[in-house]
Every structure is written in structure tokens, then in C-alpha cells.
1. Considering only residues that are in a strand (DSSP E or B), touching a Phe, Trp or Tyr at 6+ places or on another chain (Cβ under 9 Å) and farther than 22 Å from Ile58 by Cβ, which ones fall in region 174-208?
2. If you scan region 96-141, which residues turn out to be among the charged types (D, E, K, R) and touching a helix residue (DSSP H, G or I) at 6+ places or on another chain (Cβ under 9 Å)?
3. Filter region 56-95 down to the residues that are at pLDDT below 85 and either surrounded by 15 or more Cβ atoms within 10 Å (Cβ to Cβ) or within 17 Å of Arg130 (Cα to Cα) (or both) and list them by number.
4. Looking only at region 113-170, filter to residues that are touching a residue at least 60 places away in the same chain (Cβ under 8 Å), in a strand (DSSP E or B) and among the charged types (D, E, K, R); which one of those is surrounded by the most Cβ atoms within 10 Å (Cβ to Cβ)?
5. Here are some residues: Val205, Val214, Val174. Which one is crowded, with 17+ Cβ neighbours inside 10 Å, out of contact with any His (no Cβ under 7 Å at 6 or more places or on another chain), β-branched (Val, Ile, Thr) and at negative phi?
6. Among the residues of region 188-202, how many are polar (S, T, N, Q) and surrounded by fewer than 23 Cβ atoms within 10 Å (Cβ to Cβ)?
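The values are calculated or read from the model by the stated rules, or taken from the named source; none is laboratory data. These numbers come from a predicted model, not from an experiment. Cβ coordinates were reconstructed from backbone atoms using ideal geometry, including for glycine residues, and neighbour counts include every protein chain displayed.
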Amino acid sequence: MARGLIAVGVIAAIVAVLVLTSKPQATSEVKKPENDPKGPAVIAPVKIVLECEEFTPIETKGPDGREVLVVRTQSEGKTISFLEMPEKWIEECGLDKGDDALKGKPDLLPGRASYTFEAPRNDTFYINLRAKWADNCGDSVYVKIDDGEWYSLEDSNGMISEKNYRWAWHQLMVGGKPKGFELKQGKHTLYLGTREDGPCLDQWVITTEASMPVGEAAKKN
């Protein structure tokens, strides 16, 4: 009997030692640091606003010497300045005919400009354009960033009728989705190329938000 009691006591002692010396199991609960009661910082979106008429010229004259990127100012309740690609100039200059047709070749077609901007951090950026299309044959431009490929920015936003459009926002889409550009912190260049004649361009908004702007022109930072 005494031996049995001794054995039970030894086992109980061993179990107690194991419980006291074993490490607690990890749990899924994550505690906030005591010095960070508000939690992680919120990263604000980046929005870079560029005026279309404030461009760096690359090739702004057609073969006959006429300007194909023209800065206009007009009153629409308030004064607005914008960049216009005059209607019919591609056709009238003959650049859409013959074996040497330049239409559809943004690296060669007159009506090219650039805009320099600075990305404040590494992130994905999206391109938006506030513009007023001319008609259903003057509703697009070419765009690219840095040494990348050209993309066609084209839609029917702002259409009242086939020959009548209002100012509207247009986002660069590829495959039905907003086209994101992975940019490093530092200076970059947005390039504009004529695709059709007639559009009037007001503002570029380059932002980390994938949603398209709405409403009036954006306020510059």
C-alpha cells in the first residue's frame, strides 16, 4: 500500500514539473504594440494633376507647317484653357492615305507631347484624362509612360450624340480593366500622341486610385 502511494506521488511530481517547464502554445491572437494604440498608419492615395496645355513639345506641326497641337481658351461659366487637336488635319494633310500613311503610328505621326511628373513612392498608378471628344471618329488619343508601349485611350464617355460630346473623364483601360503602371519613386514622363483629330484635352490625373475621377476638373495639389 505504501509503495503504491509513493509511486502515485512520484508521478504527480513529474507531471507538475512538466507543466511548469513546458512552453505555452502559440495562438492566432495578435496584440497591438503598447506604444501603437491607434493601429497601423493609413497610406493616403497619390493624385498627380497635370494641365494638358502645359506640355513639352515633341512634334506639334504637320508636314504643311500647321500646328496640330493648339492651346485654346474659352469661357464656360469660367475660363478654361485646354489643348486641341484641330479637326480634319490628319485627313487634310494626307497622312491617312497611301503606302506611307502615318495614321496609327504614334512614334511618327505629328501631334506628340510630353509631361514630366514625380512619383512620391513605389506604387501602381492609373491614367485618367479629362477631355471633350469631337465625334465618334475623334474620341481617342495615344498615351505611354517612359519607354513603355503606346496604348489607345478611347471610349464614348460624355457623348450626347455622335457629333456632340461634353467634357468628361476618360480612364486608360486594357482588356476591360484599368491599366496599372508599376512606377518607382522618382521622375517619370507621360507621353501624348495624336490618334484622331478633333479632341480637346483639359487635364491628366495620374493616381494610385483605380477608380475614375468624377465631376469637374481636379484641383492641383
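1. Restricting attention to region 174-208, the residues satisfying the condition of being in a strand (DSSP E or B) are 174, 177-178, 180-183, 186-194, 200-207.
Then drop every residue that is not touching a Phe, Trp or Tyr at 6+ places or on another chain (Cβ under 9 Å), which leaves 174, 178, 180-183, 187-194, 200-207.
If the condition is that a residue be in a strand (DSSP E or B), touching a Phe, Trp or Tyr at 6+ places or on another chain (Cβ under 9 Å) and farther than 22 Å from Ile58 by Cβ, then Val174, Pro178, Gly180, Glu182, Thr207 are the ones that fit.
2. Of region 96-141, the ones among the charged types (D, E, K, R) are 96-97, 99-100, 103, 105, 107, 112, 118, 121, 123, 130, 132, 135, 139.
Residues satisfying the conditions are Asp96, Lys97, Lys103.
3. Selection gives Glu76, Trp89, Ile90, Cys93, Leu95.
4. Only one residue tops the list, namely Arg130.
5. Working: Val214 fails: crowded, with 17+ Cβ neighbours inside 10 Å; Val174 fails: crowded, with 17+ Cβ neighbours inside 10 Å.
So the residue among Val205, Val214, Val174 that is crowded, with 17+ Cβ neighbours inside 10 Å, out of contact with any His (no Cβ under 7 Å at 6 or more places or on another chain), β-branched (Val, Ile, Thr) and at negative phi is Val205.
6. Narrowing region 188-202 to residues polar (S, T, N, Q): 189, 194.
Applying the additional criterion that residues be surrounded by fewer than 23 Cβ atoms within 10 Å (Cβ to Cβ) yields 189.
Going through region 188-202 one residue at a time, the tally reaches 1.
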